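Single-structure report; data block below.
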Ligand SMILES: Nc1nc2c(ncn2[C@@H]2O[C@H](COP(=O)(O)OP(=O)(O)OP(=O)(O)O)[C@@H](O)[C@H]2O)c(=O)[nH]1
Ligand SMILES: [Mg+2]
């Protein structure tokens, strides 16, 4: 009996020394490519022991990866990430992108590998890395910065943003409806519902025209909260906040209460359940779509990326502290969808990304976090080619539009620093949505630099 217990205990100690666990945060705004990246990452890892698509992933290159499998999910109350249906779409005829994310889901992978460290070899022949990844809609992520803002501060922020010429022109209808409300007097449910509908429509218009910061995120993607009063509030002109003694049933009091309720019952639980236990992070930034949409979109993207990074814990935590509160110690910034630009433009895209994140990156590095920046394509939609005209050879990309038309374009020059006025005036960037490349079934999906991302994020854990 004692012998068995001692053996069990020894096994437990051995496993703690040799087995690793990583909780990976795949972060990015809506449409930045999170779901495509997770699908590709799972796909690459599942194929890694048989194929040689990951030359920069050392555990694979050195032939030490024995295999990977999707494991039982740790949290029984969260949907499983629908990897299989994503793959079915990607390998379908015609191939299609995985369905946009509507809620939170999770996937757990287990990787078996041979260590190249002597102390691990002594304990175990094989070692295990458990990798947990959560997928969620990018829209919900941008609510996190609201946790720091009182209702008044949030209104001031929304109101000042609505003064920009582009937003002001779109906001006319909502502003008129809002001015029709007597904020210090009573209001009925119908009025609030109508006003919040007008605000939701405005948020959809902002999104459509390329804005990234859409708050509150659940207004455009309500999930199971569609129609609930917690999603019925709007920002109010800060001028109305002068009156300190607001009646309990006043319109301003009611929307302010609902804002606080939204923070407490929607944002906080989301944050607590999904954003506090990461140890590695990749931040996907879709600079190409922002370049395509215009200056307002590009500026908004930069601000949004900075804001959302405040929601994570960075820095080295001691081993003891890590057991209770892990901190992110490696962070990869990645410009996504790099297959959309010609090869010689790729260094520019990485530099542009660096110029957007430079301030935040410095701050995070100061906290002891190892950071890197890259440009990747989780799943390729384009191939590189060239068009020869006389003496001139122009690099181009080739793909297929979502309507099955062949596309052959030079998408334009990518600026290597935040673009100036002239760039926006000439707007020489073309970024059509293309469908994924057709892929032979049974082979891993084609990518650009996913192996380098894997090496940076997991390489040291697989030694
Ligand atoms: N060319 C190319 N397009 C990509 C790639 N990854 C994503 N896309 C495009 O971007 C779209 C959005 O990608 P998703 O992975 O759904 O983005 P997401 O970040 O999960 O978006 P939300 O779930 O809405 O937050 C896809 O439907 C594709 O059109 C890529 O590697 N290459
Ligand atoms: Mg998604």
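Per-residue answers, yes or no, for (1) under 21 Å from residue 231 (Cα atoms); (2) touching a helix residue (DSSP H, G or I) at 6+ places or on another chain (Cβ under 9 Å); (3) outside the structural domain of residue 280 (by TED's automatic domain parsing):
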residue: 102; (1), (2), (3): yes, yes, no
residue: 132; (1), (2), (3): no, no, no
residue: 171; (1), (2), (3): yes, yes, yes
residue: 183; (1), (2), (3): yes, yes, yes
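More than 22 Å from the chain's Cα centre (by Cα), within 13 Å of ligand 1 (Cβ to nearest atom) and over 18 Å from residue 270 (Cβ atoms): which single residue out of 55, 95 fits that description?
95
Residue under question is residue 264, and the condition is that it be more than 19 Å from the chain's Cα centre (by Cα), closer than 30 Å to residue 328 by Cα and not assigned by TED's automatic domain parsing to the domain that holds residue 370; does it hold?
yes
Every residue, every condition in (1) more than 30 Å from residue 83 (Cα to Cα); (2) surrounded by fewer than 18 Cβ atoms within 10 Å (Cβ to Cβ); (3) in contact with a helix residue (DSSP H, G or I) (Cβ under 9 Å, 6 or more places away or on another chain), yes or no:
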site: 144; (1), (2), (3): no, no, yes
site: 149; (1), (2), (3): yes, yes, yes
site: 192; (1), (2), (3): yes, no, yes
site: 202; (1), (2), (3): yes, no, yes
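Can you tell me how many residues within segment 103-118 are surrounded by 14 or more Cβ atoms within 10 Å (Cβ to Cβ) and within 23 Å of the chain's Cα centre (by Cα)?
The qualifying residues number 7.
Taking the criterion of being assigned to a loop (DSSP other than H, G, I, E, B) and over 18 Å from residue 149 (Cβ atoms), would at least one residue in segment 262-274 satisfy it?
no
Please indicate, with yes or no, whether at least one residue in segment 359-379 is closer than 15 Å to residue 413 by Cα and more than 16 Å from ligand 2 (Cβ to nearest atom).
no
Could you identify the single residue in 395, 419 that is on the phi < 0 side of the Ramachandran plot and surrounded by 16 or more Cβ atoms within 10 Å (Cβ to Cβ)?
The conditions single out 419.
Would you point out which residue out of 406, 426 is modelled with pLDDT of 90 or more and not assigned by TED's automatic domain parsing to the domain that holds residue 288?
None of the other options fit; the residue is 406.
Quick check on this structure: which one of 346, 354 is modelled with pLDDT of 90 or more, within 16 Å of ligand 1 (Cβ to nearest atom), in a helix (DSSP H, G or I) and within 19 Å of residue 456 (Cβ to Cβ)?
One residue alone meets the criteria, 346.
Of all residues in segment 221-235, which are assigned to a helix (DSSP H, G or I) and either more than 16 Å from ligand 2 (Cβ to nearest atom) or surrounded by 17 or more Cβ atoms within 10 Å (Cβ to Cβ) (or both)?
Within segment 221-235, 224, 225, 229, 230, 231 qualify.
Looking only at helices (runs of 4 or more DSSP H) that lie completely in segment 51-169, which have at least 1 residues being touching a residue at least 60 places away in the same chain (Cβ under 8 Å) and within 16 Å of ligand 2 (Cβ to nearest atom)?
Where helices (runs of 4 or more DSSP H) fall fully within segment 51-169 and carry at least 1 residues being touching a residue at least 60 places away in the same chain (Cβ under 8 Å) and within 16 Å of ligand 2 (Cβ to nearest atom), they are 83-90, 138-141.
Please go through segment 431-444 and pick out each residue that is away from ligand 2 (no atom under 16 Å from the Cβ), under 23 Å from the mean Cα position of the chain (by Cα) and in a loop (DSSP other than H, G, I, E, B).
Those that are away from ligand 2 (no atom under 16 Å from the Cβ), under 23 Å from the mean Cα position of the chain (by Cα) and in a loop (DSSP other than H, G, I, E, B): 431, 432, 435, 437, 444.
Identify, from the list 360, 461, 441, the residue that is touching a residue at least 40 places away in the same chain (Cβ under 8 Å), surrounded by 13 or more Cβ atoms within 10 Å (Cβ to Cβ) and over 24 Å from residue 290 (Cβ atoms).
Being touching a residue at least 40 places away in the same chain (Cβ under 8 Å), surrounded by 13 or more Cβ atoms within 10 Å (Cβ to Cβ) and over 24 Å from residue 290 (Cβ atoms) holds for just one of 360, 461, 441, which is 461.
The values are calculated or read from the model by the stated rules, or taken from the named source; none is laboratory data. Values in this document were obtained by computation on a predicted structure and should not be read as measured data. Reconstructed Cβ throughout: ideal geometry from the backbone, glycine too, with neighbour counts over all protein chains shown.
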